[in-house]
Amino acid sequence: MPRGYRYIVCALLGWLVLAAAAPEGTDRAREQDQTAREIANSLSGIDASLKKAGEPDVTTQPCGEREQKRDSDLCAQWKAADAAESSSNAAWLFGIVGSLIGAITMYAAIRAALYARDAAREAKRGSDAAEKGLAHAQNISAMELRPYLFIERIETCEIYSREYQVTIWFKNFGHTPARNIEVRSLCYVTSDRSDLRAIKKTHDIVEAGVAAPGHTRRSFDAVRISADDLEAFQEGARWVILRVQYGYTDDVGTEFKERFDYYASSAGVVDESPTFYLLTDGFVRRTKRWQRSLKLNVAKRERTRKSAPPEEGDVPF
């Protein structure tokens, strides 16, 4: 028999002995019942203590992965360790996911910055193109709205014997008035069309005023042609040179200057319908080169003639 049960049996026997020896009576019976209940309660406590002492310690019992033993300290420690490991794994996983999300966000930000840069460049290129287009339109507008004063025709008439008046007609081909028209001209007879005389500042200025769009203004000059010049004209050795310089302004005061040179033969001056030809800078340069070449050829032929041996019958001096 277990040792605990022996204690119980002994306690019961002692109680029986006491009950038999006690005097009879109602009060005594109550006391005995109360004492018996107290002894029974004590024995129950002793029995529970003995049973609890015989049972294994649940605070040190292990537990499985899915078991919940809340009385076991060891199980609680294992659960805490598992939770810490799971938290560490989750933190590592979330760190990787966060790094990926951060990298993707950074890439998107870089792409957005590059796109914004390209958009800014395109916007600047468009702005520059618009500015250039506006400047071009302004230039075209200014060119269209400015005055254009050109020589329309040249007339001559004999005012004295072999002295001719030269009338220079100007016409405004623009869309705005040509104002403050000032003309200097020089007309003379020469045998060399490549060596032009200069128009000096001492020459008289003809003020022609204002020429409205489509209207004309005129300036005058004169040239005297001698009898020798007329004879040379017929041989093609003389020309009349007409040099014209003029300037004018528009409505806002912008100045414009032009220069033209003309030449004519005797028929271009004496006849009723004179013909003056434009004398360009290229024509002058070509004429100078032709004259230099002609002089060199003449000099070369002269040297060749002098260095050639005398023919038979020739008597050298």
Matching residues, region 179-202, being of a type outside the set (A, V, I, L, M) and at pLDDT 85 or above: R179, N180, E182, R184, S185, C187, Y188, T190, R197
Test: residue in region 206-213 that is among the β-branched types (V, I, T) and more than 52 Å from the chain's Cα centre (by Cα): no
Output for region 237-260, where each listed residue is buried (at least 18 other Cβ atoms within 10 Å of the Cβ), modelled with pLDDT of 90 or more and not in a strand (DSSP E or B): D250
Selection count, region 209-234, where residues are of a type in the set (D, E, K, R) and farther than 19 Å from Y160 by Cα: 2
Residue that is surrounded by 10 or more Cβ atoms within 10 Å (Cβ to Cβ) and at pLDDT below 85, where the choices are T60, T105: T60
Filter result for Y248 (within 14 Å of Y164 (Cβ to Cβ) and not polar (S, T, N, Q)): no
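The values are calculated or read from the model by the stated rules, or taken from the named source; none is laboratory data. Predicted, not measured: the structure shown is a model, and the values here were computed from it. Cβ: placed from backbone, ideal geometry, glycine included. Neighbour counts: every protein chain shown.
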